[in-house]
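Structure, as structure tokens:
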Amino acid sequence: MTTTRLLAPFQRFRRLRRSEALRRLVAETRLDPADFVHPLFVSHGHGLRNEIASMPGQYQLSLDQLAAEAEELRSLGIPAVLLFGLPETKDGLGTEAYARDGIVQQAVHALKSADPGLCVICDVCLCEYTDHGHCGIVTPSGEVENDTTLELLGRIAVSQAEAGADIVAPSDMMDGHTSALRAALDDAGHTSTPIMAYAAKYASAFYGPFRVAAESVPQFGDRRGYQMDPPNAREAMREIEAEIAEGADIVMVKPALPYLDVLSQARQRFDVPLAAYNVSGEYAMLKAAIQNGWLEERRAIMEALTGIKRAGADIIITYHAKEAARWLVER
Ligand code: PBG
């Protein structure tokens, strides 16, 4: 009798872990395909489906591939895509980024005509479109100029909204970009286009595979003069606060896994929708280990995504979106 009483407390936590059904019943965090945003790299050309070497399962796609893509995302319950463009030509001012017939503008048309219900988010930045690969206008001395860049970013956002984008997402990390975009959008009559601001975007080594995929490697220097320094979390709160004050509708922390503390603090401090960008290097890292047989694919990926949601993300931008949605639907 006494022994049973003594043993009982030690069964306390394990009791609810005994079966899959019990574990599901008491799960505090649930992933849903509706949490995901799938990034896409769109390119000129025809019949193009170039796999990105460091990102197995991810492709540079030409416009004719987008209808099938939209169809697949819809069948999996993934509500949104984030578009990155590979222009025909690059120049000092990144002109294709704000051209009416730019690659991203055409991709928005293609996706919206394939599925008007798909939420199309456009990345607002210059680095894929400039010949120097930086996210803004570069002075002769090699400085990335803040204020003159804002004008161009506003033009990009307006041309994307004109093409039919549902959300614009500035990733350039220029100061004041959200108020510049809001003003430009409002002046052009796009008062109902929301802004998802890359508020706490760190100067990260984990963007490496993306820069190859988007062909946006800086030709000199690096982005540490405008992206955040990895040691700083309090500064991220100030960045996010400023972006919300400037009119951001959704704020983002990027990358995700090395910055879960920042995500969690942001969740506690702010009540706006919070996005986490599970970036290219995080994807590459898992895929490489999985290909080597060092990690179990499904469990490792779902654990990583669950961690991001548990830390506080409402929205997860991830290259794993399709496979994760497939596993969630299968269950
Ligand atoms: C553009 C941009 C980058 C990413 C998203 N937007 C690259 C960078 O800042 O160098 C990275 C996304 C990823 O790694 O998946 N500024």
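The values are calculated or read from the model by the stated rules, or taken from the named source; none is laboratory data. From a predicted model like this one, the values you see are computed outputs, not experimental measurements. Neighbour counts run over all protein chains shown; Cβ positions are idealised from the backbone, glycine included. Accessible surface is based on the protein model in full, side chains and every heavy atom, while ligands, DNA and RNA are left aside. Shrake-Rupley method; radii C 1.70, N 1.55, O 1.52, S 1.80 Å.
Can you tell me the orientation of helix 177-187 relative to the chain, as the angle in degrees between its alpha-carbon axis and the longest Cα principal axis, to the nearest 10?
Helix 177-187 sits roughly 60 degrees off the main axis of the chain.
Leaving out ligands, DNA and RNA, what percent of the accessible area of the chain is carbon and sulfur, probe 1.4 Å?
51 percent
If the only charges are +1 at each Lys and Arg Cβ and -1 at each Asp and Glu Cβ, what is the size of the charge dipole of the range 208-325 around the Cα centre, to the nearest 20 debye?
My answer is approximately 280 debye.
Straight-line reach only, C-alpha to C-alpha below 20 angstrom: list the lysines that K112 could link to, leaving out same-chain residues fewer than 8 apart.
Hits, sequence-local ones excluded: K322.
Taking the chain as a Gaussian network, where each spring joins two C-alpha atoms under 10 Å apart, which residue of Q227, Q11, Q265 fluctuates the most?
Greatest mean-square fluctuation among the candidates belongs to Q11.
With springs only between Cα atoms under 10 Å, which of Q58, Q291, Q106 fluctuates most in a Gaussian network model of the chain?
Q291
Given the options A183, A199, A214, which has the most mean-square fluctuation in a GNM of the chain, springs set between C-alpha atoms less than 10 angstrom apart?
Sorting by GNM fluctuation, first place goes to A183.
Taking R0 as 41 Å, what's the FRET efficiency between D175 and R310 from their Cβ-Cβ distance, rounded to 0.05?
Given R0 = 41 Å and the Cβ-Cβ separation, E is 0.85.
Going from most exposed to least, what order do L150, L22 have by accessible area with a 1.4 Å probe?
So the residues, ranked largest to smallest area, are L22, L150.
Report the normalised scattering of the range 1-131 as log10 I(q)/I(0) at q = 0.11, 0.20 Å⁻¹, calculated by the Debye formula with identical scatterers on the alpha carbons.
So the normalised log intensities work out to -0.53, -1.14.
May I ask for log10 I(q)/I(0) of the range 28-330 at q = 0.07, 0.14, 0.15 Å⁻¹, from a Debye sum over the Cα atoms as equal point scatterers with solvent left out?
Results for the range 28-330 at q = 0.07, 0.14, 0.15 Å⁻¹ read -0.23, -1.04, -1.23.
Accessible area per residue, 1.4 Å probe, Å², for the range 28-330: what's the number?
41 Å²
Whole angstrom only: what separates the Cα centroid of the range 235-300 from the Cα centroid of the range 34-102?
That distance is 21 Å.
Rounded to the nearest angstrom and ordered from largest down, what semi-axes does the equivalent ellipsoid of the range 149-260 get from its C-alpha gyration tensor (root of 5λ)?
After diagonalising the Cα gyration tensor, the semi-axes are 24, 17, 12 Å.
So in the chain, what percent of DSSP beta bridges are antiparallel if you round to the nearest 5?
For the chain, the DSSP antiparallel bridge percentage is about 15.
If you find the alpha carbon centre of the range 309-326 and of the range 105-162, how far apart are they in angstrom?
24 Å
Once fully extended, how much extra length lies between R12 and Q219, figured as 0.36 nm per residue of separation less the alpha-carbon to alpha-carbon distance?
68.7 nm
How many nm is it between the label spots at E145 and H44, if each spot is 7 Å from the Cα in line with the beta carbon?
Between E145 and H44, the simple spin-label model gives 2.7 nm.
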